[in-house]
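The values are calculated or read from the model by the stated rules, or taken from the named source; none is laboratory data. Small disclaimer: the values here were computed from a predicted structure and weren't measured. In case anyone asks, the SASA skips ligands and DNA or RNA and just uses the protein heavy atoms, side chains included. Shrake-Rupley method; radii C 1.70, N 1.55, O 1.52, S 1.80 Å.
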Amino acid sequence: GIEFIDSYVFNKAEYIRFNSTVGRYVGYTELGVKNAEAWNKGPQLGQEQAELERFCKPNAALHYR
């Protein structure tokens, strides 16, 4: 399978990440944890999952042919 990771970085430090294997956002700083809690309940989570279906899976299929 494939894994889609979308990282958010501020001042060269990753503070939050969406990981398709985990299926949700994970925070790595105090702010990131707070954002992850909110984003996992809001429309952002659905948008990440839609990107996985729209972009990642079709392109992975082309790449691994």
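Based on every Cα atom in the chain, Rg and the maximum pairwise Cα distance Dmax equal 12.9, 42 Å. When 52, 62 are compared by accessible area at a 1.4 angstrom probe, the order from most to least is 62, 52. The accessible area of residue 17, taken with all protein chains in place and a 1.4 Å probe, comes to roughly 60 Å².
The angle between the Cα long axis of helix 30-41 and the longest principal axis of the Cα atoms of the chain comes to about 50 degrees, rounded to the nearest 10.
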